[in-house]
Amino acid sequence: MKVLILVALVACLVNTSEAWHNIIPEWLVKAFHLANATPEDRCITICQDHRQECLTRIKNMESMYQAGKCRSKMFDCFDKCN
């Protein structure tokens with residue numbers, strides 16, 4: 001319980017001060033936002049992560065098969081959210 005309160009306080013500070021973004025890991029901020037999000041928002045955030053992963057794979061010139069597979073996974077993800 002104490003850890004949850006600490007995380008909540010840290011997240012509030014992160015939201016109010018841009019300087020905190022350099023100190024607090026992005027994954028911690030994202031985890032806090034996901035914990036307080038609606039199921040639909042959580043789903044969309046996860047799908048956006050898939051999209052970013054796909055864009056990175058395409059940018060890194062991975063095989064077309066892997067990029068296509070990733071793209072299909074991304075579209076399936078967004079379909080499940082709706």
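Sequentially through region 65-82, phi angles give Karplus couplings (6.51, -1.76, 1.60; θ = phi - 60°) of 4, 5, 5, x, 4, 5, 4, 4, 4, 5, 5, 4, 4, 5, 4, 5, 6, 8 Hz, Gly and Pro residues having no value and appearing as x. All C-alpha to C-alpha distances of region 29-82, sorted into 5 Å bins beginning at zero, yield P(r) values of 4, 22, 24, 18, 15, 11, 5, 0 percent in whole numbers.
No value in this document is a laboratory result; all are computed from the given coordinates. On a predicted model such as this, the values are computed, not experimentally measured, just so you know.
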